[in-house]
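Engineer: So that we are looking at the same thing, I have put the structure below in structure tokens.
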Amino acid sequence: MVLALPLVFSCVHTSQSCRHGVQAFRSLRPFAATPASLANSKFSSVLNPRNVRCAAGCDPAWHSFWHRSWQLQASTAALPLRTPGIPVLRLRPGRSGLVRAAWGADVEFHPAKVTSNKEEALKQHRLVIEVGKLAAEYSTPGQFVQAKRRAEDKAGFFAIASPPDLDSGRLELLLKASGATAEDLCALKPGEEVLVSKPMGKGFRIDTIPVEQYPSILLFATGSGISPIKALIESGALAGRRSVRLYYGTRTPEHMAFAQSIEAWSSEHGVTVLPVFSSSSDGYVQDAFARDENVDPNSSGGTAAVLCGQKEMTVELTALLKERGVDAILLNF
């Protein structure tokens, strides 16, 4: 079921230090969410809100919104409005349009054939699948697919590791052998079948950071988050930049997927790769960036950053990058 809620709000929050941009609610951004993500929203309200509470510690803690218009539409049936305690709506700044909540939206799965399955690093497999015409749906590095072995299985979400290639008919995935779905996929043999969705997501919008404005790029990846970064590098989308640095974090060298590609990333794509191993004194990628004296975002023209990895890494790095004057930060979700 999809609910379409045309809303107009006026924000009277005056704090300029709100870390979530609540003060910038000039319009609302359309979005899709599941009941689980709604229930975990940092901005909680009932479906007919008068007040929206920022639960992330902003001061003041309450942000008042006046509800100027309301219409509830459902694709199959109208749901009754409820009192506080119902699943909440996440309000996101910066876009106009409808606020949408999608419960159990259907995803169509298609049969694909495994052409290769090799251990890429410790507890990680490189899976290559033949998807035919579905490959044409993959246009932007950073997109992902849902995949599962059997129709009744729960699907996993996997970023595509190969660059877009409309003619290949194949997609490459990096699977971490953790969880039932990923472990099942890691056990597949060439010739066996897997079910996959079409490529999904917005990917990395490199068109929003043109080379003339942002000649320097900082890349950050941890663990299997290297998949979409690999796709981005090998797509050639970063060509022409003055400087591209990749901070690549894993637990140990044995956990480093695509290690054999690092030389080509450097020689063919001009990427300087800085491995960071958390089991050593290196710490995490955010630590490596914080102590890197070779990087001054303000001395080389515009600098943009591309991040993919654990939530804690992206949150800490985003704050650190902004402190250093890097405001153009891309994520693939």
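What follows is calculated from the coordinates using simple rules that are stated; it is not laboratory data. In this text the structure is predicted, and so the values were computed from the model without any measurement. Glycine gets a Cβ as well: all are built from the backbone with ideal geometry, and neighbour counts include every protein chain shown.
Matching residues to (1) crowded, with 16+ Cβ neighbours inside 10 Å; (2) part of a loop (DSSP other than H, G, I, E, B):
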{"position": "Leu127", "(1), (2)": "yes, no"}
{"position": "Lys133", "(1), (2)": "no, no"}
{"position": "Ser139", "(1), (2)": "no, yes"}
{"position": "Gly142", "(1), (2)": "yes, yes"}
{"position": "Ala147", "(1), (2)": "yes, no"}
{"position": "Glu152", "(1), (2)": "no, yes"}
{"position": "Ala159", "(1), (2)": "yes, no"}
{"position": "Ser162", "(1), (2)": "yes, yes"}
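Engineer: Can you name every residue in segment 248-285 that is buried (at least 19 other Cβ atoms within 10 Å of the Cβ) and either within 20 Å of Leu173 (Cβ to Cβ) or in contact (Cβ under 8 Å) with a residue 60 or more places away in the chain (or both)?
Structural biologist: Tyr248, Gly249, Thr250, His255, Met256, Ala257, Phe258, Trp265, Tyr284, Val285
Engineer: Can you list the strands (runs of 3 or more DSSP E) lying wholly within segment 204-295 that have 2 or more residues being over 17 Å from the mean Cα position of the chain (by Cα) and more than 25 Å from Asp327 (Cβ to Cβ)?
Structural biologist: 271-277
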